[in-house]
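> Input: one structure, supplied below.
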Amino acid sequence: MENTALYELHEADIHYSYFAYPDTPLWKESFCKAYSFLYRKVLPQNRLTSDWYSHSSFPSEKRDALAQELAKGNYDVIIGVHAPLAVRLASCRNRLEGVKLFGWIHNSYEALFGKDSLYIGSDLRKHYEWQLEKLDKTIVLCHDDAQKYHFPTDVIYNPLTLVPGTPSNGASKKFLAIGRFSHLHKGFDLLIQAFSLFAKEEQEWTLDIVGEGPEEELYRKIISDCGLEQRIHLHPFTNHIQEYYSQAQVYVLSSRWEGFGLVLVEAMAHGLPVISSHLPTSQEIMGDFGLYFENGNVEQLAEQMIAATQIDWKKKSEEAIEIAKRFDVDSIIKQWKAMIYE
């Protein structure tokens, strides 16, 4: 059983069903793998070969089991969350007549299909788009991504679901960053290196990073190599993340990519100015409010950290809270309801 207490999901009216796919016979699995290789490396990619690939990458045993499990619920709407599950849902289209099927993409277009993608890769971009077209709707998290897809998509921002704590008073001299320690996604390695440059100029500021994951030892090593154990602190995830926002003075988003940087909204809801890598989603969320640096540029990030110590903090804090109000959960719910009942 998954831990549902972290985000207080155990208190919500949500019903959980845990499902396991059946095994595919070995002979069939070998055949499917062979075709999948040919599709990605040899065959011309078109809608027909894409449909065959959807069958080879998701064999009938698994496809039928998923469709049967979903049909049991007599659902009006089914949402495939994230691209791989949305495509799996699309493969069940013919078995779920009368049900609205949505795909909800939770990563940026470039992160999914870019040259250096850790998720899907450019060789499957067309396949994913052809399959997603079979759904009633595909929802993405920012307008920049919507323009990159080669079929119509809808944009709904993620809402601020966290209830903000006490607004920051702007006097702690603490930078804050939050996120999972995996796949170099959040760029915490870059942030630690940038802070080491910043620390040569500013002696009083500290950095809190809240998160967990397989890269924790890497980060601890970088911190140790920089001799910053007393100024950079790693903290585990907590149900009371508001306390970290309230005690910080500036939030830093050092991510190499983001589908939607919800932590930016959470930080601004606590009155925090924000430094962010120059990502399309960050610009959509914050506009000219953010202090931006070139994605991956450690020196620029350090410069913006220095700049953040010299801003009119009170003015920035008031502006931050106003921007966060645009992501009120009630407003976002209305958009989802309009789409569902359309």
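> Quickly run through the range 180-189 and pick out the residues that are open to solvent by less than 70 Å² (accessible area, probe 1.4 Å), touching a residue at least 60 places away in the same chain (Cβ under 8 Å) and out of contact with any strand residue (DSSP E or B) (no Cβ under 8 Å at 6 or more places or on another chain).
Within the range 180-189, LEU184, HIS185 qualify.
> Could you check LYS334 against (1) in a helix (DSSP H, G or I); (2) more than 28 Å from LYS100 (Cα to Cα) and say which number it fails?
(2)
> Right, LEU124: of a type in the set (A, V, I, L, M), over 20 Å from TYR341 (Cβ atoms) and at pLDDT below 95 or not?
Judged against the criteria, LEU124 is not a match.
> How about the range 71-173: which helices (runs of 4 or more DSSP H) wholly inside it have at least 1 residues that are closer than 30 Å to LYS316 by Cα and either open to solvent by 80 Å² or more (accessible area, probe 1.4 Å) or not hydroxyl-bearing (Ser, Thr, Tyr) (or both)? Can you show your working first?
Details: elements: 83-90, 109-113, 125-132, 143-148.
Answer list for the range 71-173: 143-148.
> Has the range 10-19 got at least one residue that is among the small types (Gly, Ala, Ser), more than 30 Å from GLN242 (Cβ to Cβ), surrounded by 14 or more Cβ atoms within 10 Å (Cβ to Cβ) and within 25 Å of the chain's Cα centre (by Cα)? Spell out the reasoning first.
If we filter the range 10-19 for residues that are among the small types (Gly, Ala, Ser), which is where we start, we get 12, 17.
Then keep just the ones that are more than 30 Å from GLN242 (Cβ to Cβ); that gives 17.
The next check asks that each one be surrounded by 14 or more Cβ atoms within 10 Å (Cβ to Cβ); those that pass are none.
Within the range 10-19 (the criterion being among the small types (Gly, Ala, Ser), more than 30 Å from GLN242 (Cβ to Cβ), surrounded by 14 or more Cβ atoms within 10 Å (Cβ to Cβ) and within 25 Å of the chain's Cα centre (by Cα)), the answer is no, since none of the residues qualifies.
> Let me ask another. Which number in (1) open to solvent by less than 20 Å² (accessible area, probe 1.4 Å); (2) touching a residue at least 24 places away in the same chain (Cβ under 8 Å); (3) part of a helix (DSSP H, G or I) marks the one condition that LYS28 misses?
Checking LYS28 against (1) open to solvent by less than 20 Å² (accessible area, probe 1.4 Å); (2) touching a residue at least 24 places away in the same chain (Cβ under 8 Å); (3) part of a helix (DSSP H, G or I), the one that fails is (1).
> In the list LEU279, LEU262, which residue meets the criterion of being in contact with an Asp or Glu (Cβ under 6 Å, 6 or more places away or on another chain) and either open to solvent by 40 Å² or more (accessible area, probe 1.4 Å) or under 27 Å from ILE79 (Cα atoms) (or both)?
Result: LEU279 is the single residue among LEU279, LEU262 that is in contact with an Asp or Glu (Cβ under 6 Å, 6 or more places away or on another chain) and either open to solvent by 40 Å² or more (accessible area, probe 1.4 Å) or under 27 Å from ILE79 (Cα atoms) (or both).
> Does TYR35 meet the test of being surrounded by fewer than 18 Cβ atoms within 10 Å (Cβ to Cβ) and either assigned to a helix (DSSP H, G or I) or among the small types (Gly, Ala, Ser) (or both)?
Spelling it out, TYR35 is indeed surrounded by fewer than 18 Cβ atoms within 10 Å (Cβ to Cβ) and either assigned to a helix (DSSP H, G or I) or among the small types (Gly, Ala, Ser) (or both).
> Taking the range 193-240, which residues are open to solvent by less than 50 Å² (accessible area, probe 1.4 Å) and among the aliphatic types (A, V, I, L, M)?
ALA194, ALA199, LEU207, ILE209, VAL210, ILE222, ILE223, LEU228, ILE232, LEU234, listed by residue number.
> Condition first: over 17 Å from PRO167 (Cβ atoms) and either open to solvent by less than 70 Å² (accessible area, probe 1.4 Å) or small (Gly, Ala, Ser) (or both). Now tell me which residues in the range 310-342 satisfy that.
VAL329, SER331, ILE332, TRP336, ALA338, MET339, ILE340 - these are the residues of the range 310-342 that are over 17 Å from PRO167 (Cβ atoms) and either open to solvent by less than 70 Å² (accessible area, probe 1.4 Å) or small (Gly, Ala, Ser) (or both).
The values are calculated or read from the model by the stated rules, or taken from the named source; none is laboratory data. Quick caveat: nothing in here was measured; it's all calculated off a predicted structure. Don't worry about glycine lacking a Cβ; one is built from the backbone with ideal geometry, like all the others, and counts go over all protein chains shown. Just the protein is used for accessible areas: all its heavy atoms, side chains included, with ligands, DNA and RNA removed. Shrake-Rupley method; radii C 1.70, N 1.55, O 1.52, S 1.80 Å.
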